[in-house]
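Novice: Just passing along the structure, written as structure tokens.
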Amino acid sequence: MTPQFGIQSVPVPVYHQEAFTAEETAVLGRFFTNTELPVFGLINLPEVVKGALFARYSRSSKSLRRLFLDEFVTDADFGIDTLTTVISADEMGSTRHAEQLYQRIFFDYGDDSVAQLGGAHLACEQASNLLTKVLEWGRLAAYLEQSTRYIRYDSPLGGRHRYLVPDEIGASSHANAYLGHMERTFEVYTRMVAYMIGVYEQRHPRSEDDSKMVWNATIRAKACDTVRGLLPVSTLSNVGIYGTGQAYEMSLIRMQASPLLEVRSYGEMMLGELRQIIPSFLTRVDLEDRGVRWSRYLAEVRSDLEAIAAQLGPPSDVGPSVTLTDWDPDAETKIAAAALYAVSELPDEALQRLVREMTQEERAELIAASVGRRANRRHKPGRAMERTMYRFDVSCDIGAFRDLQRHRLMTLEWQRFSTRLGYDLPEDLQEHGLADEWVSVMDDAGSLYEDIRSDLGVEVAQYVVPFAYNVRFVMEMSPREAFHLIELRSQPAGHPAYRAVAHAMHRAIRDVAGHRLIADAMTYVDHTDVDLQRLEGERKAAQRREAATLRPRS
Ligand SMILES: Cc1cc2nc3c(=O)[nH]c(=O)nc-3n(C[C@H](O)[C@H](O)[C@H](O)COP(=O)(O)OP(=O)(O)OC[C@H]3O[C@@H](n4cnc5c(N)ncnc54)[C@H](O)[C@@H]3O)c2cc1C
């Protein structure tokens, strides 16, 4: 029996089934997941061919499969063999053919929407933590980054620890000081992680219910969490990206506008690799009057604003803080009205008037109805919760910022990393006599930062800053994204540093903005105090592994 999908059983409507000859069916079977249903996937085709097919789709009354047979397979220049991506020596040749096809077909279609029709997976390795944030800037792409919790940055890579030596610093008189400081930092990190593993093993003896694997992973993650503040921004990481041609194009244009050599040269490498997969979507990036001019525009705007900001005075250190700087006092009324919009037949203004005339209880019932009976945090209220915004000014350690920056559905902008806003010193380290060494690394980083900053500038100096230092950033989001972010980032499995930010945001929505109805609807915010953050997660992972091993193979 096929599994039931959806909330109720529905009869399958009768769809017209297109007729294909046996020969056509055999061809289609190689490139489409079925030849009968109105829904099908495209397989074994270069990304540009998929893009070309979809582009033709918009100007044709034919079905996609028919278009493919009539215009692609029988194409005099291309033919079926050049359309396949079956790994072979000829693959690059077929991509080149596909590109010519693309140029011909797309002539009339405009560039932008077409560049959304094909994508690529790219692995970006040995990227500094300055670069990873540039790579992860775009909203319309998916990212997966190496975890600072499961990876111990204690093994060397290419003869030294895992940090970047940026060309600007490597070629300067600061090179030796930089190398010495980085090596020492990673040595201290290595020692402290090992020491804290011992501390946590003693503090949390393994219970009989947990396997050694679960317990070890939990303890290791906790030690890595505690010590990660030592890691400098130059720490190397790996990021996996999936994005469309359009997302990559914008990313590469931004990268070329960067003042940092690492970012610009990495962008060039990415372009080279992407051109082997989706060449046609990336033709504009390095054209003088297109991408290059665009990059220059971005760089000019940034530099003009920097000149103005330079007049504003030195930074003010407020320590870790979460300040709700902007909100709409009328938000709950607007959300209640917006909740009715899609299900009513009244104009927006009339709904707002009607909701304003309601009693507070009636409005509360309306918001409760729009939130519904949530059974878990993934049951998020709808788009009415996008009717208003919260703007938070946050100062917290760079480690927590790295994690929070990953949320794509908001406006998040950060100031440059520096050693001027103070740093975090974890209590567990103080308790075990490790504070002096921690402070000494932070102080050394502070002086090296100032030396490099005064010589090579504020951008390059960022590489030196350890994750424990505070960074200031702004997060502007709708209540809907706040549901997602605050509930996810307050989970016991999360790092305590960003859990604290999530808790403060929740309190600010309730007490500063006074939006009790919204704050109280966030029922999956977890304010509990936990010591072994990863324990539940590791237990669940072990159960899933066990279930997967026991499940009979079909
Ligand atoms: C305990 C914990 C451990 C983690 N460990 C890691 C790790 O090791 N490595 C790592 O890389 N990340 C890690 N993360 C980060 C996490 O997996 C997400 O990348 C991060 O939370 C941001 O993405 P998001 O989808 O949750 O939220 P947002 O980007 O804020 O998006 C909110 C929602 O919008 C929708 N959405 C947004 N963008 C898209 C899109 N492009 N396509 C479709 N839907 C979209 C989705 O419904 C999404 O959930 C961890 C998070 C937690 C809480």
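Novice: Give the Rg (one decimal place) followed by the Dmax (whole number) of the chain, computed from C-alpha coordinates and expressed in Å.
Specialist: Spelled out, the Cα radius of gyration and Dmax of the chain are 27.3, 79 Å.
Novice: Here's another thing I want to ask about it. Using a Förster distance of 51 Å, how high is the FRET efficiency between residue 432 and residue 309, based on the Cβ-Cβ distance and rounded to 0.05?
Specialist: It comes to 0.80.
Novice: What aspartates and glutamates sit close enough to residue 212 to cross-link, taking a C-alpha to C-alpha distance under 13 Å and skipping anything fewer than 8 places away on the same chain?
Specialist: 201, 538
Novice: Can you tell me the length gained on complete extension of the stretch residue 296 to residue 344, counting 0.36 nm per residue apart and subtracting the Cα distance? Can you show the working numbers first?
Specialist: Values: separation 48, 0.36 × 48 = 17.28 nm, distance 4.82 nm.
Answer, rounded to one decimal: 12.5 nm.
Novice: So with the 1.4 Å probe, I'd like the accessible area per residue for the chain, rounded to whole Å².
Specialist: Computed with neighbouring chains in place, this is 52 Å² per residue.
Novice: Where does each of 215-227, 411-423 land if you order them by average Cβ count within 10 Å, highest first? It would help to have the intermediate numbers written out before the result.
Specialist: Details: 215-227: 22.1, 411-423: 17.9.
Packing order, densest peptide first, comes out as 215-227, 411-423.
Novice: Find the eigenvalues of the gyration tensor of the Cα atoms of the range 284-396, then list the square roots of 5 times those eigenvalues as equivalent ellipsoid semi-axes, largest first, in whole angstrom.
Specialist: Values: eigenvalues 341, 104, 51 Å².
So the three semi-axes of the range 284-396 are 41, 23, 16 Å.
Novice: Normalised by the number of residues in the range 276-409, what is the relative contact order in percent for Cα pairs under 8 Å and 6+ residues apart?
Specialist: 32
Novice: Would you mind telling me the share, in percent, of accessible area of the chain contributed by carbon and sulfur at probe 1.4 angstrom?
Specialist: 52
Novice: Enter the Cα centre distance for the pair the range 226-285 and the range 332-389, rounded to the nearest angstrom.
Specialist: A separation of 41 Å, based on Cα centres.
Novice: Take the Cα pairs of the range 369-523, get the Kirkwood Rh, then feed it into Stokes-Einstein at 10 °C and 1.306 mPa s and tell me D in µm²/s.
Specialist: In µm²/s, the coefficient rounds to 92.
Novice: While we're here: Determine the dipole magnitude for the chain: charges of +1 sit on the beta-carbon of Lys and Arg, -1 on that of Asp and Glu, nothing else is charged, the reference point is the Cα centre, and the result goes in debye to the nearest 20.
Specialist: My answer is approximately 1280 debye.
Novice: Would you mind putting 11-24, 176-189 in packing order, based on average other-beta-carbon counts within 10 Å, highest first?
Specialist: Going from most to least packed, we get 176-189, 11-24.
Novice: On to the next question. Need the full-extension length gain, residue 284 to residue 195, defined as separation in residues times 0.36 nm minus the C-alpha distance. One decimal, nm.
Specialist: Full extension of this stretch gives 26.8 nm more.
Novice: Each residue of the range 299-310 in turn: what ³J(HN,Hα) in whole Hz from Karplus with 6.51, -1.76, 1.60 and θ = phi - 60°, glycine and Pro shown as x?
Specialist: Per residue, the Karplus-derived 3J(HN,Hα) values read 5, 5, 4, 4, 6, 5, 5, 4, 4, 5, 5, 4 Hz.
Novice: Mind ordering 515-525, 325-335 by average Cβ neighbours within 10 Å, highest first? Please list the in-between numbers first.
Specialist: Details: 515-525: 19.2, 325-335: 17.6.
So the order, starting with the most tightly packed, is 515-525, 325-335.
Novice: Multiplying the sequence separation of residue 318 and residue 144 by 0.36 nm and subtracting their Cα-Cα distance, what value in nm do you get?
Specialist: Separation in residues times 0.36 nm, less the Cα-Cα distance, equals 59.4 nm.
The values are calculated or read from the model by the stated rules, or taken from the named source; none is laboratory data. Every value quoted in this text rests on a predicted model; they were computed, and no experiment measured them. Positions of Cβ are backbone-derived with ideal geometry, glycine not excepted, and every protein chain shown enters the neighbour counts. Please note that ligands, DNA and RNA were not included when accessible areas were found on the heavy atoms of the full protein model with its side chains. Shrake-Rupley method; radii C 1.70, N 1.55, O 1.52, S 1.80 Å.
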